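Let me begin by presenting the structure, written as structure tokens, before commenting on it.
The values are calculated or read from the model by the stated rules, or taken from the named source; none is laboratory data. Bear in mind the structure is a predicted one, so any value in this text is a computation, not a measurement. Positions of Cβ are generated from backbone atoms using ideal geometry, with glycine treated the same way; all protein chains shown enter the neighbour counts.
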Amino acid sequence: MDDVLSRLRVVEAEALARLQEAVSAAHIDALEREVLGNASEIAAARRGLKDLPDEKRREVGRGINEIVGRLGGRFAERRTQVAAAEEAERLRRERLDITLPGRGALPGAAHLVMQVLEEVTDIFVALGYTVADGPEVETAFYNFDALNTPPTHPARLESDTLYVEHGPDPEGVLLRTQTSPVQARYMEQHPPPVYIVSPGRVFRRDTMDATHTPVFHQIEGLAVDANVTFADLKGTLAHFAREFFGPEQQVRFLPHFFPFTEPSAEMHTTCFACGGSGCRVCGGGGWIELLGCGMVDPNVFEAVGYDPTAVSGFAFGVGLDRLAMIRYGVPELRYFFDPDLRVLEQFR
Ligand code: DAH
């Protein structure tokens, strides 16, 4: 009957070898059932003990107990090892490396034209002007009539103005062609004195070329008070030119015509690139046209309910895209509207 024990030692050795390969708790449980469970050779040997003679039964019984005791110890040991390995693997898998740099949003930047819009607005805010706003879809009344622009004025032709189908009058509603209607809207709502600027988008029926796009940007200015003179206009706008282009700027005013101002002028400034001697930026003349301006026409005051004998004022309108082109040497207006980041990224 020694062969029972020697057979069980082989079973033990095989079980230990397989236990070494087991890599999960489930694996170990299954192996334990196979080696020590009711259907195992060890269980069968135990059941056979009762048929052995006394002495042999004791010897084989002790041998079985030793084997079962050793196996139990090794199973427990292996369980601990596998649990530790599983825990280590889980920690490795779930590791959160908080030392990695985060994936932040790509930093954007204001478009160059918006940067210029804000800069020019700030120059006037620093002088005490406030910012006024108006709609981009405008009535012909505010865009033209209230601004002393008669029904026959060529700017009102459909070849220049984009009309919007709305209401009975085919030319009653339009995309504003200038920021000037904000002047009339504001004065209607506020008594004098008025010191406002109003930046925004304007629209014209222009075909795209180097200096024209159907959408562009202007900033409007309006100052109305008891004794505003052309000298105030000149001082204010010269200050603006020097703040924007540099302290050495000279300015000059040339007679011009706008329906809503009388007298009207164009303001030119010495070319900031050559200082006035003539270069490519200014086309050789040494001067750059910057804006339109003038003293508010009495007819405009009447249209908004102001008394033209009690107040006077000046107004101006500046093309912001043009300012940006001039100062940064951008040769084509359409670069501002092309989604080409190589152009825009230079101005972040
Ligand atoms: N609205 C004019 C334009 O779009 C610019 C302008 C000229 C505005 C004279 C004014 C002004 O307020 O006084 O060409």
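To keep it simple, each residue is scored yes or no on (1) polar (S, T, N, Q); (2) loosely packed, with under 15 Cβ neighbours inside 10 Å; (3) modelled with pLDDT of 95 or more.
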| position | (1), (2), (3) |
| --- | --- |
| Asn38 | yes, yes, no |
| Ile42 | no, no, no |
| Gly48 | no, yes, no |
| Arg57 | no, no, no |
| Val60 | no, no, no |
| Val82 | no, no, no |
| Ala85 | no, yes, no |
| Leu91 | no, yes, no |
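Residue-level analysis places Thr236 among those that are more than 30 Å from Val164 (Cβ to Cβ), within 13 Å of the ligand (Cβ to nearest atom) and either of a type in the set (Val, Ile, Thr) or not assigned by TED's automatic domain parsing to the domain that holds Asp321 (or both). Taken over the stretch 159-182, residues that are of a type in the set (Val, Ile, Thr) and not in a loop (DSSP other than H, G, I, E, B) amount to 2.
Look at the stretch 159-178: where a residue is in contact (Cβ under 8 Å) with a residue 60 or more places away in the chain and within 16 Å of Gly134 (Cβ to Cβ) and a partner is within 16 Å of the ligand (Cβ to nearest atom) and of a type outside the set (Asp, Glu), sitting 6+ places away or on another chain with Cβ atoms under 6 Å, you get Gln178/Val202. Taking the stated definitions as given, is Phe316 under 20 Å from Phe124 (Cβ atoms), away from the ligand (no atom under 16 Å from the Cβ), within 37 Å of the chain's Cα centre (by Cα) and modelled with pLDDT of 95 or more? No: the conditions fail for Phe316.
Scoring Gly200 on the criteria (1) surrounded by 14 or more Cβ atoms within 10 Å (Cβ to Cβ); (2) closer than 23 Å to Asp232 by Cα leaves a single failure, condition (2).
The rows are residues; the columns are (1) free of Cβ contacts under 8 Å to residues at least 60 places away in the same chain; (2) touching a helix residue (DSSP H, G or I) at 6+ places or on another chain (Cβ under 8 Å); (3) surrounded by 14 or more Cβ atoms within 10 Å (Cβ to Cβ); (4) not in a helix (DSSP H, G or I).
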{"position": "Val11", "(1), (2), (3), (4)": "yes, yes, yes, no"}
{"position": "Leu16", "(1), (2), (3), (4)": "yes, yes, yes, no"}
{"position": "Gln20", "(1), (2), (3), (4)": "yes, yes, no, no"}
{"position": "Val35", "(1), (2), (3), (4)": "yes, yes, yes, no"}
{"position": "Asn65", "(1), (2), (3), (4)": "yes, no, no, no"}
{"position": "Arg103", "(1), (2), (3), (4)": "yes, no, no, yes"}
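The lone criterion from (1) touching a residue at least 40 places away in the same chain (Cβ under 8 Å); (2) small (Gly, Ala, Ser); (3) within 16 Å of the ligand (Cβ to nearest atom) left unmet by Gly292 is number (1). Here Phe314 passes the criteria (1) more than 22 Å from Glu118 (Cα to Cα); (2) aromatic (Phe, Trp, Tyr); (3) touching a helix residue (DSSP H, G or I) at 6+ places or on another chain (Cβ under 8 Å) except the one numbered (1).
Residues checked against (1) part of a helix (DSSP H, G or I); (2) within 12 Å of the ligand (Cβ to nearest atom):
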| site | (1), (2) |
| --- | --- |
| Ala184 | yes, yes |
| Glu220 | no, yes |
| Asp232 | yes, no |
| Phe240 | yes, no |
| Glu243 | yes, no |
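Please name all residue pairs, on different chains or six or more residues apart, with Cβ atoms under 7 Å, provided the first residue is in the stretch 232-251 and is crowded, with 17+ Cβ neighbours inside 10 Å and the second residue is at pLDDT below 95 and of a type in the set (S, T, N, Q). Qualifying pairs under 7 Å: Ala241/Gln249; Ala241/Thr269; Phe245/Thr269; Gln249/Thr269; Gln249/Thr270; Val251/Thr269. I'm checking my understanding of the structure. Among residues of the stretch 261-287 that are touching a His at 6+ places or on another chain (Cβ under 8 Å) and within 16 Å of the ligand (Cβ to nearest atom), which one is farthest from Thr229 (Cα to Cα)? So the residue we want is Glu266.
Scan the stretch 250-285 for residues that are touching a strand residue (DSSP E or B) at 6+ places or on another chain (Cβ under 8 Å), of a type outside the set (Ser, Thr, Tyr) and closer than 20 Å to Val330 by Cα and the total you get is 6. The combined condition, being away from the ligand (no atom under 16 Å from the Cβ), in contact (Cβ under 8 Å) with a residue 60 or more places away in the chain and assigned by TED's automatic domain parsing to the domain that holds Glu243, is not fulfilled by Val137. When Tyr142 is tested against (1) assigned to a helix (DSSP H, G or I); (2) within 16 Å of the ligand (Cβ to nearest atom); (3) in contact with a Phe, Trp or Tyr (Cβ under 9 Å, 6 or more places away or on another chain), only condition (3) is not met.
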